[in-house]
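Visitor: Sharing a structure, written as structure tokens. Questions coming.
The values are calculated or read from the model by the stated rules, or taken from the named source; none is laboratory data. The model shown is predicted, which means the values in this text are computed figures rather than measured ones. Neighbour counts are summed over all protein chains in view; Cβ atoms, including those assigned to glycine, are modelled from backbone coordinates with ideal geometry.
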Amino acid sequence: MKINYSYLKICLTICIRGHNLNDMSHIPRISMAAPDHYCIPERPANKFQLLGRFRQEANPDKFHRETIEQLNNLRFIFMELGIDVVVLPAKEGLDDLVFEADSYIPLQIQDPETGVIQDIIILSKFAHADRQKEVEHHRQYLEKHWPNAKFIEAPFNLEGTGDHVYDNFRGVIWAGSPPCEKAGDIAAGRTDPRAHKWLQDVTGIPVIGLEMVEPFFHVDTALAPLPSGHMVVYPNGFSAESYDLFKQRAFRDYGLDPDKYLIEADAEDAQKYACNLQCFGEDIVMPECSQELQDRLHNIGYNVHTTPMDNLIASGGGVHCCTNRWDVRHITGGLAAKTGIALPKWYQQILSGKATSDEGNT
């Protein structure tokens, strides 16, 4: 199903009147950032930006208007689905702020001893130094409105939920990193592999690291877990070794048949950022993609809502990149454990503290 909200010409609001950020009860909530200063840089950081820069320069005013309209469309889809949307204010000089996923990882984690839910925000350390200002902007805003959260600064390069996608079916985080031979090349990947083990230790959540293949530089550009246990994945977004590891960890270790639970996107849909989606229950919100992929998702029980994201994809971002879930609550073992699926051995080892840095996250 395609929803056309192009007639809604309301500019994105840059305030959150009526939102109580301290009330983090488990309701669907998502954040976006106002696109006032969004532009594609003169020196492209990834291959998507090479063509995107030409589109922007051809008619800058039209490009800006279309960008606002596309994000309005996305926002109103969320609102129609009953999702609480918070829009953070823009700031001059932060051209990439619109990619809301990258600056932090918000998690709700239950203390195993007290049962108290702790709000944790992992602050990113960007591979691209110019983007670090985005983290400070987020921190100042979130600390003011979310004072009870625990803020933790990453000691290694780590790029938010863009490179760390929580899988609520398995209770794990899928994380991306560049190939060793391309470490430091931001077009090939962003997060330092050492950050995976650090994040696992800090949160107690198993982190499974995957090696990216250019131009898919963040894990959310090529992978999307669904609450039913299905995964939407572009195989060529990962190295062959990592893709084999992914299939083992995601399916075989849980006794799931990949032929049933693995939904592979083709190259054309991957370029349209079809894997870069958000899922709320039975509703999937994703960029425009092939009818075939939409039908496959519909056939396993999902309502599919597509929306144009061309101007954001032109810089390397889609629906997931432009949003950040504030309602992610970790469940040990994920929904799979609640259905009676046994925890894999490597998961049990991580929980017991016996896993090495190579078990469960490489």
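Visitor: Looking at the stretch 137-154, which of the residues that are more than 17 Å from the chain's Cα centre (by Cα) and in a helix (DSSP H, G or I) is surrounded by the most Cβ atoms within 10 Å (Cβ to Cβ)?
Guide: Ranking the candidates gives Leu142 first.
Visitor: Let me ask another. With respect to Lys91, is the statement that it is of a type in the set (D, E, K, R) and touching a residue at least 40 places away in the same chain (Cβ under 8 Å) true?
Guide: Spelling it out, Lys91 is indeed of a type in the set (D, E, K, R) and touching a residue at least 40 places away in the same chain (Cβ under 8 Å).
Visitor: Then there's this: Cβ contacts < 6 Å: first residue on the phi > 0 side of the Ramachandran plot, restricted to the stretch 312-341; second residue at pLDDT below 95, any location; separation 6+ or different chain. Result?
Guide: Gly316/Asn46; Gly316/Phe48
Visitor: Something else: List the residue pairs whose Cβ atoms are under 8 Å apart, where the first residue sits in the stretch 193-205 and is of a type in the set (A, V, I, L, M, F, W, C), the second is assigned to a helix (DSSP H, G or I), and the two are 6 or more positions apart or on different chains.
Guide: Once the first residue is of a type in the set (A, V, I, L, M, F, W, C) and sits in the stretch 193-205, its partners that are assigned to a helix (DSSP H, G or I) give Ile205/Leu199.
Visitor: Further, regarding this structure: Condition (residue is part of a strand (DSSP E or B), over 17 Å from the mean Cα position of the chain (by Cα) and touching a residue at least 40 places away in the same chain (Cβ under 8 Å)) applied to the stretch 118-136: is it met by at least one residue?
Guide: Among the residues of the stretch 118-136, at least one is part of a strand (DSSP E or B), over 17 Å from the mean Cα position of the chain (by Cα) and touching a residue at least 40 places away in the same chain (Cβ under 8 Å), which makes the answer yes.
A quick yes/no check of all residues on (1) surrounded by fewer than 23 Cβ atoms within 10 Å (Cβ to Cβ); (2) more than 26 Å from Phe280 (Cβ to Cβ); (3) modelled with pLDDT under 95; (4) not basic (Lys, Arg):
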| position | (1), (2), (3), (4) |
| --- | --- |
| Asp163 | no, no, no, yes |
| Arg170 | no, no, no, no |
| Cys180 | yes, yes, yes, yes |
| Thr191 | no, no, yes, yes |
| Arg194 | yes, yes, no, no |
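Visitor: Is it the case, given these coordinates, that Asp23 is at pLDDT 85 or above and out of contact with any strand residue (DSSP E or B) (no Cβ under 6 Å at 6 or more places or on another chain)?
Guide: no
Visitor: Note down all Cβ pairs under 9 Å where the first residue falls in the stretch 101-117 and is within 13 Å of Ile152 (Cβ to Cβ), the second is of a type in the set (Phe, Trp, Tyr), and they're at least six residues apart or on different chains.
Guide: Tyr104/Phe151; Ile105/Tyr166; Pro106/Trp146; Pro106/Trp326; Leu107/Tyr166
Visitor: Output the strands (runs of 3 or more DSSP E) that fall wholly within the stretch 228-309 and possess 2 or more residues being touching a Lys or Arg at 6+ places or on another chain (Cβ under 6 Å), surrounded by fewer than 21 Cβ atoms within 10 Å (Cβ to Cβ) and of a type in the set (Gly, Ala, Ser), or say none.
Guide: Correct list: empty, since no element meets the threshold.
Visitor: Kindly provide the set of residues from the stretch 333-357 that are in a loop (DSSP other than H, G, I, E, B), crowded, with 16+ Cβ neighbours inside 10 Å and of a type in the set (Val, Ile, Thr), ordered by number.
Guide: Within the stretch 333-357, just Ile341 meets the criteria.
Visitor: Please work out which one of (1) touching a residue at least 24 places away in the same chain (Cβ under 8 Å); (2) polar (S, T, N, Q); (3) closer than 15 Å to Leu226 by Cβ is the condition Thr306 fails and give its number.
Guide: Among (1) touching a residue at least 24 places away in the same chain (Cβ under 8 Å); (2) polar (S, T, N, Q); (3) closer than 15 Å to Leu226 by Cβ, Thr306 violates only (3).
Visitor: Could you list, ordered by first residue, the pairs with Cβ atoms under 8 Å in which the first is in the stretch 66-88 and outside any helix (DSSP H, G or I) and the second is of a type in the set (S, T, N, Q), at least 6 apart or interchain?
Guide: Note: pairs meeting the criteria are Val85/Ser31; Val86/Ser31; Val87/Thr13; Val87/Ser31; Leu88/Ser31.
Visitor: Test of understanding: among Val85, Val116, which residue is surrounded by fewer than 19 Cβ atoms within 10 Å (Cβ to Cβ), among the β-branched types (Val, Ile, Thr) and either touching a strand residue (DSSP E or B) at 6+ places or on another chain (Cβ under 9 Å) or at pLDDT 95 or above (or both)?
Guide: Exactly one residue qualifies, and that residue is Val116.
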